[in-house]
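Everything on this sheet refers to the single structure shown next.
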Amino acid sequence: MDPIYLAGVNDPATYINWGWLSISVPNLIVILIMIVLFALAILLPFPKGRDRS
Amino acid sequence: MTADSPNPAVEPDNVQAVVDSPADVDTGSSVGLDPTVDPDPGIDPSSSMWTSRLRRAWMSKLPPDELLPDRQPAYVASWIYVFGVLTLAAFLVILVTGLVLAFAGPAWYHTSSPGLFTNSLHFWSVQLFFVFMVVHLWGKFWMAAWRGRRAMTWITGVVAFLASIGTAFTGYLVQTNFDSQWISFEAKDGLNAVGIGAFFNVANLGQMLLLHACLLPLVVGVIAVWHVLLVRSRGVVPPIDTVDTEFSVTPADGASATEVRP
Ligand code: HEM
């Protein structure tokens, strides 16, 4: 039985071309994830710790 | 050393520190009451031994309260401060899975299901490690976290980043698949062009494997420990608009970190 791959790392990636810019879809996804994580880290409220008043 | 063989190297003022036999010292309930018995025989505050000097230097630079604090300034309550520790956590998973891979060997991790699973854990922890490190880097960049004698924290971060790239690169080269073959044959031309191909030969699997599994993780690990110790000794950098409130731990009087202090 052939294994089911979540991501096919044995085939060349698909590339997106936009003028001079050429980027693979996996790289684009990772960069977008990092930007979203950064925005969430700034915007989401941090849970309050134990009250030590 | 036995109790009855005197050590000639012992100087009179250090005798207390080197006594290692219970027979030499009165350990009864009178310790602390008898003024001739040092209550802490391990410490002589005026000693010039290297152990004492190292201890004093360590204690003044990084006392236990700063190494393992339980309170932090109010501004640290933000998710962006979590990414350094997330990076560290991902690195630990990489180290542990990497150790398993190294001991079990490619015949296991390239064929068996648990081997492939461990190999995947190793690989995906690296992806998380870099994602966390980059968000961490962006966070520290936008808060200019090198302020207030923290340049070395930033620099060790930069070196950790570069060493991590080298570790990941050699890791991709030791997969022994078409991907690693493609990467090495693309890279060799670039490395030859800058004149280091003879010393750092990406087509030399043995060299790449040793660099990846021995030297480079050690470099990243040592730099990361140094980096975190620097953060602990300097305290977390205050936000840019509260430069006057520079102190490392929320004071006992409960003053908030946003309070302007003289
Ligand atoms: C192996 C990778 C790294 C690890 C394990 C790591 C870990 C940490 C940890 C645990 C902290 C304290 C908690 C926090 O503020 O997030 C920290 C702070 C810091 N990191 Fe990193 N870091 C890494 C890479 C980097 C990189 C690439 C940079 C930037 C070039 C950087 C710059 C800083 C700075 C400037 C601080 C100090 C912030 C302050 O004093 O408040 N680090 N790091």
Extreme residue, farthest from the other protein chains (Cβ to nearest Cβ), among residues of region A:14-45 that are polar (S, T, N, Q) and open to solvent by less than 70 Å² (accessible area, probe 1.4 Å): A:Ser22
Residues that are within 16 Å of the ligand (Cβ to nearest atom), outside any helix (DSSP H, G or I) and either within 14 Å of chain A (Cβ to nearest Cβ) or open to solvent by less than 70 Å² (accessible area, probe 1.4 Å) (or both), drawn from region B:44-88: B:Leu62, B:Pro69, B:Asp70, B:Arg71, B:Gln72, B:Pro73, B:Ala77, B:Ser78
All conditions in (1) within 13 Å of the ligand (Cβ to nearest atom); (2) more than 25 Å from A:Leu40 (Cβ to Cβ); (3) at pLDDT below 90 are true of B:Thr242 except (2)
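Please enumerate the residues belonging to region A:16-48 that are more than 30 Å from B:Pro73 (Cα to Cα) and assigned to a helix (DSSP H, G or I).
The answer is A:Val25, A:Pro26, A:Asn27, A:Leu28, A:Ile29, A:Val30, A:Ile31, A:Leu32.
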Just to be sure I understand, how many residues within region B:210-232 are away from the ligand (no atom under 16 Å from the Cβ) and out of contact with any helix residue (DSSP H, G or I) (no Cβ under 8 Å at 6 or more places or on another chain)? 2
Which of the numbered conditions does B:Ala102 fail, given that it passes all the others? Conditions: (1) in contact with a helix residue (DSSP H, G or I) (Cβ under 8 Å, 6 or more places away or on another chain); (2) touching a residue at least 40 places away in the same chain (Cβ under 8 Å); (3) within 16 Å of the ligand (Cβ to nearest atom). (3)
Restricting attention to region B:106-138, report how many residues are away from the ligand (no atom under 16 Å from the Cβ), among the small types (Gly, Ala, Ser) and open to solvent by less than 70 Å² (accessible area, probe 1.4 Å). 3
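The values are calculated or read from the model by the stated rules, or taken from the named source; none is laboratory data. Just so we're clear, the structure is a prediction, and the values are computed from it rather than from any experiment. Positions of Cβ are backbone-derived with ideal geometry, glycine not excepted, and every protein chain shown enters the neighbour counts. The protein model used for the area step is the full one, side chains on, heavy atoms only, and it has no ligands, DNA or RNA in it. Shrake-Rupley method; radii C 1.70, N 1.55, O 1.52, S 1.80 Å.
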